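**Q** Below you'll find the structure I mean.
The values are calculated or read from the model by the stated rules, or taken from the named source; none is laboratory data. Predicted, not measured: the structure shown is a model, and the values here were computed from it. No Cβ is skipped: glycine too gets one built from the backbone with ideal geometry, and neighbour counts run over all protein chains shown. Surface accessibility is based on the protein's heavy atoms, side chains included, excluding ligands, DNA and RNA. Shrake-Rupley method; radii C 1.70, N 1.55, O 1.52, S 1.80 Å.
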Amino acid sequence: MAKEVVPEEGRRRRRPTKQGVVVTQQLIVETALRMLHEHGRDGLTVRRLGIALGADPSTLYRYFRGIDDLTLAIADELIGRALRGWRPGGEWRNDLREVGLRIHTAYLAHPEAAVLTASRVSGRDNEIAGDEAVLGILRSTGLPDTDVVRIYQAFVDQALAFAALDAASLALPEAARAADERVWRATYARLPAETHPNIAATAPLLVARMNDSAYPTALEMLLDSAAAAVRLHLAAPEVAAQTGRRRQHPGEAWGDG
């Protein structure tokens, strides 16, 4: 028989910790985020978390099945922070752009947590709410659901992939990150045109751009592609009429036509 899920109130530690606080699931997640920032991914352990909370390490297991379960909660917290206070404005492209940029910014505010969680699927409240919002934005365009899901997947994976990529750079030791950034000026900008004509021709532009995130550019390219799909869908009846063929309206398959 499956164990009964104990609500938050039933799991809560009754007595304050040594720091004078009562442990909650949210407090554990926030403490874990702080530990990741201060000690990196290898520093997030049950023992260290207990010390940081001023509680017995076993306290974690009153709220989570283990570190991996906590990792999923951290992933959900980042999505929640990204969408906190956001409201759709009603113009699908602007709304989608804002959601993407919010996700990217929220993850980069916690680089170690971003690298740890960007590839995970938590199935928790904030993630589900975010997915519902993005799908709603895309469905408001009138696109068929097959196109909606195709664009949704590309949008979410692009945002999280760039978040992980850019966060990984920020999570590097400062000396290593600075050395990487110098390569464009110290190496690429000095390659001779005789041997590397294409790099030499674009070197000033490479130096100016390559240490910045490409996510805003990539996001606009995705939005351009989505907008082209919307235009094609809206023009489909006219195209069908011009070619003498009538395309089936999506609702007709369900007897709505």
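**Q** Quick one: is Arg15 open to solvent by less than 70 Å² (accessible area, probe 1.4 Å), basic (Lys, Arg) and either in a loop (DSSP other than H, G, I, E, B) or modelled with pLDDT of 95 or more (or both)?
**A** Taking the combined requirement at face value, the residue does not satisfy it.
**Q** Mind listing whichever residues of segment 54-106 are in a helix (DSSP H, G or I), over 30 Å from Leu143 (Cβ atoms) and either of a type in the set (Ser, Thr, Tyr) or touching a residue at least 12 places away in the same chain (Cβ under 8 Å) (or both)?
**A** Residues satisfying the conditions are Ser58, Thr59, Leu60, Tyr61, Arg62, Ile67, Leu70, Thr71, Leu72, Ala73, Ile74, Glu77.
**Q** Now, a different point. With respect to Arg177, is the statement that it is over 16 Å from the mean Cα position of the chain (by Cα) and open to solvent by less than 80 Å² (accessible area, probe 1.4 Å) true?
**A** yes
**Q** Could you figure out which of (1) free of Cβ contacts under 8 Å to residues at least 24 places away in the same chain; (2) surrounded by 14 or more Cβ atoms within 10 Å (Cβ to Cβ); (3) closer than 24 Å to Pro111 by Cα isn't true of Arg139?
**A** Every condition holds for Arg139 apart from (3).
**Q** Of everything in segment 30-73 that's among the polar types (S, T, N, Q) and open to solvent by 30 Å² or more (accessible area, probe 1.4 Å), which residue is farthest from Glu127 (Cα to Cα)?
**A** Going residue by residue through segment 30-73, those that are among the polar types (S, T, N, Q) are 31, 45, 58-59, 71.
Filter once more, keeping what is open to solvent by 30 Å² or more (accessible area, probe 1.4 Å): 45, 58.
On the way: Thr45: 24, Ser58: 27 Å.
Restricting to residues being among the polar types (S, T, N, Q) and open to solvent by 30 Å² or more (accessible area, probe 1.4 Å), the top hit is Ser58.
**Q** What are the residues in segment 116-136 that are within 28 Å of Leu70 (Cβ to Cβ), assigned to a helix (DSSP H, G or I) and open to solvent by 20 Å² or more (accessible area, probe 1.4 Å), if any? Let's see the steps before the verdict.
**A** Residues of segment 116-136 within 28 Å of Leu70 (Cβ to Cβ): 116-135.
If we keep only those that are assigned to a helix (DSSP H, G or I) too, we end up with 116-117, 125-135.
If the condition is that a residue be within 28 Å of Leu70 (Cβ to Cβ), assigned to a helix (DSSP H, G or I) and open to solvent by 20 Å² or more (accessible area, probe 1.4 Å), then Leu116, Asp125, Asn126, Glu127, Ile128, Ala129, Asp131, Glu132, Ala133, Leu135 are the ones that fit.
**Q** Identify all residues within segment 188-207 that are among the hydrophobic types (A, V, I, L, M, F, W, C) and in contact with a helix residue (DSSP H, G or I) (Cβ under 9 Å, 6 or more places away or on another chain); write none if there are none.
**A** Those that are among the hydrophobic types (A, V, I, L, M, F, W, C) and in contact with a helix residue (DSSP H, G or I) (Cβ under 9 Å, 6 or more places away or on another chain): Ala189, Leu191, Ala193, Ile199, Ala200, Ala203, Leu206, Val207.
**Q** Considering each residue of segment 156-174, count those that are in contact with a Lys or Arg (Cβ under 8 Å, 6 or more places away or on another chain) and either farther than 22 Å from Leu205 by Cβ or surrounded by fewer than 14 Cβ atoms within 10 Å (Cβ to Cβ) (or both), and give that number.
**A** At the first step, the residues of segment 156-174 found to be in contact with a Lys or Arg (Cβ under 8 Å, 6 or more places away or on another chain) are 169-170.
Subset that is either farther than 22 Å from Leu205 by Cβ or surrounded by fewer than 14 Cβ atoms within 10 Å (Cβ to Cβ) (or both): 170.
The number of residues fulfilling the criteria is 1.
**Q** Yes or no: Glu252 more than 20 Å from the chain's Cα centre (by Cα) and either of a type in the set (Ser, Thr, Tyr) or modelled with pLDDT under 95 (or both)? So that I can check it myself, show each step before the final result.
**A** Details: more than 20 Å from the chain's Cα centre (by Cα): yes; either of a type in the set (Ser, Thr, Tyr) or modelled with pLDDT under 95 (or both): yes.
Criteria met by Glu252.
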